[in-house]
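The structure appears right after this line, and notes come after that.
Read-outs: derived from the displayed coordinates by stated rules, not from any lab. Please read all numbers here as calculations on a predicted model, not as lab measurements. Virtual Cβ from ideal backbone geometry, glycine too; neighbours counted across all protein chains shown.
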C-alpha cells in the first residue's frame with residue numbers, strides 16, 4: 001500500500017563478523033551496526049556512499065564502473081519501492097563484466113543479499129532507498 005512505512009528485520013543466522021542487512025525502512029538501511037540514510041553500494045566491507053544515483057531510470061554505465069576492480073559473483077540491485085530495470089546499456093555492461101545481477105525492490109534486495117552472504121557467495125549491493133520511485 002502506497003504511503004505506508006516499510007520496516008522489517010531481515011537478519012539471517014550467520015557467523016559473527018559478517019556484515020549483513022539488519023533492518024530497513026523507507027529512508028534508511030542498517031548494514032551491520034551502521035545506519036545508512038542515502039543510496040549506496042557495498043562490497044567486501046567497503047562502501048560507496050553516497051551513490052549519486054537518484055532513480056533506476058537515471059542509472060548509467062558510469063555508475064557501475066566501481067565493479068571493474070571488485071568483480072563480485074553477484075550484484076544485487078535494490079531499485080527502491082518497486083522492481084525496475086536499468087537501461088539496456090547498463091544491463092549489457094554488467095553482462096560484459098560476467099557479473100550475475102538481480103534487480104528487485106530494495107527490501108527484497110536486502111533479504112537476498114543476506115541469503116547470498118549466508119551461502120558464502122561474493123555478493124555486492126547497489127541500493128536505492130525504499131522511498132525512491134522510478
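Report the antiparallel proportion of the DSSP beta bridges in the range 8-128 as a percent, rounded to a multiple of 5.
Around 60 percent antiparallel, to the nearest 5.
Given the convex hull over the Cα atoms of the range 8-128, what projected area results after averaging over all orientations, in nm²?
6.6 nm²
For the residue pair residue 97 and residue 83, what label-to-label distance in nm results when each label sits 7 Å from Cα along the Cα-to-beta-carbon direction?
Label at residue 97, label at residue 83, 2.2 nm between them.
Could you work out how much longer the chain between residue 23 and residue 69 gets when fully extended? Use 0.36 nm per residue separation minus the Cα distance between them, nm to one decimal.
13.7 nm
Per residue of the chain, what 222 nm ellipticity follows from adding -39500 (n - 2.57) for every DSSP H run with n ≥ 4, rounded to the nearest 500?
It comes out at -5000 deg cm²/dmol, rounded to the nearest 500.
Under a point spin-label approximation (7 Å from Cα along Cα-to-Cβ), what is the residue 35-residue 57 distance to one decimal in nm?
For the pair residue 35/residue 57, the computed spacing is 3.2 nm.
Once label points are set 7 Å from the Cα along Cα→Cβ at both residue 119 and residue 48, what is their separation, rounded to one decimal in nm?
The modelled label-to-label distance comes out at 2.4 nm.
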